[in-house]
1. Between segment 1-67 and segment 109-168, how far is it from one alpha carbon centroid to the other, in angstrom?
2. Taking a 1.4 Å probe, which of ASP107, ASP145, ASP18 shows the most accessible area, and what order do the others take after it?
3. For a quick size check, give me the Cα extents of segment 86-161 along its three principal axes, largest first, whole Å.
4. Would you kindly find the accessible area of ARG151, with a 1.4 Å probe and non-protein molecules such as ligands, DNA and RNA excluded, rounding to the nearest 10 Å²?
5. What full-extension length gain, to one decimal in nm, is calculated for SER96 and VAL162 as 0.36 nm per residue of separation minus the Cα-Cα distance?
6. At 1.4 Å probe size, what's the solvent-accessible area of PHE101? Round to the nearest 10 Å².
7. Dividing the Cα radius of gyration by the Kirkwood radius, what Rg/Rh value follows for segment 1-53?
8. Longer than 19 Å from Cα to Cα, which of LYS105/LYS146; LYS65/LYS126; LYS57/LYS126; LYS57/LYS105 are they? Say none if no pair is.
Amino acid sequence: MTGRVFRLHSTLELPLEDLEEYLDDPDLPDEIDEVTLTRRNNTLIINAEASDESLSKYTPTAQLKASVTETRVYEEEPPRAGGPSWGDEEEEEIPSELVEFACFKGDRETVLQNTAVQYGMFEVLKEIAALSEKGTLTAISEHDDKLEATRIVEGEQRPATVEVVENPQNSAGKNGVDWRDNEFIDE
């Protein structure tokens, strides 16, 4: 399997427990033998082990990087502060628990690092995005010489297209300075 990821932006969040459960027995692309999860403080690194034995053991394979945050999850919606108070009733505490979340947030170099088996790890990230109930994954990739647009919102695949537009940064706008034809600059 060959492919590349050109653009990627992720705001995915999912419970760390769900991620670990998925990584216990993931459905991996052919080019990846296995993945390993390493945690360093509040950083998660999911490393790919390539099935291609021609890759040197010193070649850095693709990895996914996420941060870990703790969020209080309530069993029911907590009352809003400043709401009406009926008498001097004691407020009942709403049952809650602290849950660790894996947060895959950022652009390509932040979330998906290194190029060996990069497209395979992108496929793994798409599987993780399908498990996520919060956040979005958008990407432009190339697979089998075709550009592909990916958009997954809150675990659901959504339609996406690749659109080529003129880059407004290439031309000096009405308020911009055209430095090439500036009479005050000596060549």
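The values are calculated or read from the model by the stated rules, or taken from the named source; none is laboratory data. All figures in this text were calculated on a predicted structure; none of them were measured in a lab. What goes into the accessible areas is simple: the full protein's heavy atoms, side chains included, and nothing from ligands, DNA or RNA. Shrake-Rupley method; radii C 1.70, N 1.55, O 1.52, S 1.80 Å.
1. Cα centroid of segment 1-67 versus Cα centroid of segment 109-168: 14 Å apart.
2. ASP145, ASP107, ASP18
3. Taking max minus min along each principal axis of the Cα atoms, segment 86-161 gives 69, 27, 17 Å.
4. Ignoring ligands and nucleic acids, ARG151 comes out at about 90 Å².
5. Stretched out fully, the SER96 to VAL162 stretch lengthens by 19.5 nm.
6. Roll a 1.4 Å probe over it and PHE101 shows about 40 Å².
7. Answer for segment 1-53: 0.99.
8. LYS105/LYS146; LYS57/LYS126; LYS57/LYS105
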